[in-house]
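Working notes, beginning with the structure itself.
The values are calculated or read from the model by the stated rules, or taken from the named source; none is laboratory data. Being a predicted model, the structure only gives us computed values, none of them experimental. So basically every Cβ, Gly included, is an ideal-geometry build from the backbone, and we count neighbours across all protein chains shown. Ligands, DNA and RNA are excluded from the accessible area calculation, which covers all protein heavy atoms including side chains. Shrake-Rupley method; radii C 1.70, N 1.55, O 1.52, S 1.80 Å.
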Amino acid sequence: MIAAFTEPAAQIIDPEYTVNPLSNYYLMAASVPFIGLIGTWVTEKILVPRLGPYKPSSDLEIDEETPITRQEVKALKWSFAATLAVLALFMLTIIPADGLLRGEVDPETGSRSFQPFYDSLVPIMFIVFFVAGLVYGIVAKTIKTDKDVADMTAKSMSTMGMYIVIAFVAAQFVAYFNWSNLGSVLAVKGSDGLKAIGFTGGPLLVAFIIVSSLVNLVMGSASAKWALLAPIFVPMLMLMGYSPETTQAAYRIGDSYSNILTPLLPYFPLVIVFAQKYVKKVGIGTLISMMLPYAIAFALVRIPMLLVWIWAKLPLGIEGPIYYTP
């Protein structure tokens, strides 16, 4: 989603530049086991000892889990089979050299490119999940007519209303930013200023991550923040030699570990409601104090990992270079 904002920001400097949606995939996937391990350590060594044994109040009414029915198990199996079938069909359009989602022959490698596949990732994901949900609903008998499908789809799309509004406003902002040339001016002046004071390399990326995390405390939406930051920082760091993909990866790290610390996060009230189901006195302060150790630990893991990744000159993802050369 944020790659859609990174690309037009990069085109302020290079009009032909494109950003692959999977350009940060390798870095993000590699961070999963480290985040899992450090999260477990924080839970076991810091949070659980601090909270002590759980003593539910007598007035709490905790719903018991409803067992999965045989019909639902059957529906899950059919849904899984349908998902595999759809994935197999898509593989037939990718693996063969003359597949439907293969592009022109790359003169450097001699093989046909995967660019049409990369450009089709969003509709492919939609089709895969739609088929899986449709088959499950039909077999589980929660979908009986096409009207049920329309109602469920409308209910799901209603949650996208906020993002659609943000995307519209962000698109106007980026377009006017490009038209005014403010992006180019700020990028050139900013990069010249940073070079003049010798603020480059790893310290520059760490500073940008910290700025992103601080902005995250006053603006919860990741896409809205990036719509404001990308037209400024992406061109600026491009002029300093860093690719838009690297700037995007740094932003994603800064945006991630401080999310649960801001009450402006859309899911923050939801987390409190779930917590109050088990402990009535849980509030904003309680949740922030419990999540602070996680935020600090994740920052201490992910920031050094990004620096080591860049030092080792590993690709950030598919078509995810670290450096940019004009």
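Only one of these is over 15 Å from the mean Cα position of the chain (by Cα), surrounded by 10 or more Cβ atoms within 10 Å (Cβ to Cβ) and either modelled with pLDDT of 90 or more or under 15 Å from I303 (Cα atoms) (or both): V48, V42. Name it.
Every option except V42 fails the conditions.
Working only within the stretch 98-111, note down all residues that are open to solvent by 50 Å² or more (accessible area, probe 1.4 Å), closer than 24 Å to A88 by Cα and assigned to a loop (DSSP other than H, G, I, E, B).
Passing the criteria: D98, L100, E104, S111.
Do the conditions hold for E7, that is, is it acidic (D, E) and touching a residue at least 40 places away in the same chain (Cβ under 8 Å)?
yes
Among the numbered criteria (1) part of a loop (DSSP other than H, G, I, E, B); (2) touching a residue at least 40 places away in the same chain (Cβ under 8 Å); (3) of a type in the set (K, R), which one does K55 miss?
(2)
Got at least one residue in the stretch 233-247 being farther than 30 Å from P56 by Cα and charged (D, E, K, R)?
The answer is yes, given that some residue of the stretch 233-247 is farther than 30 Å from P56 by Cα and charged (D, E, K, R).
If you go through the stretch 112-131 one residue at a time, do you hit one that is part of a helix (DSSP H, G or I), in contact (Cβ under 8 Å) with a residue 40 or more places away in the chain and over 22 Å from the mean Cα position of the chain (by Cα)?
yes
Any chance the stretch 132-151 includes a residue that's outside any helix (DSSP H, G or I), open to solvent by 50 Å² or more (accessible area, probe 1.4 Å), at pLDDT 85 or above and of a type in the set (K, R)?
yes
As an exercise: evaluate L60 against (1) of a type outside the set (K, R); (2) open to solvent by less than 70 Å² (accessible area, probe 1.4 Å); (3) under 26 Å from I310 (Cβ atoms); (4) modelled with pLDDT under 80 and give the number of the one condition it does not meet.
Here L60 clears every test but (3).
For the stretch 308-326, which positions are outside any loop (DSSP other than H, G, I, E, B) and surrounded by 15 or more Cβ atoms within 10 Å (Cβ to Cβ)?
W309, I310 - these are the residues of the stretch 308-326 that are outside any loop (DSSP other than H, G, I, E, B) and surrounded by 15 or more Cβ atoms within 10 Å (Cβ to Cβ).
Step by step: first the residues of the stretch 241-278, then only those that are assigned to a loop (DSSP other than H, G, I, E, B) and modelled with pLDDT of 80 or more, then the one that is most open to solvent (accessible area, probe 1.4 Å). Which residue is that?
Top of the filtered list is Y278.
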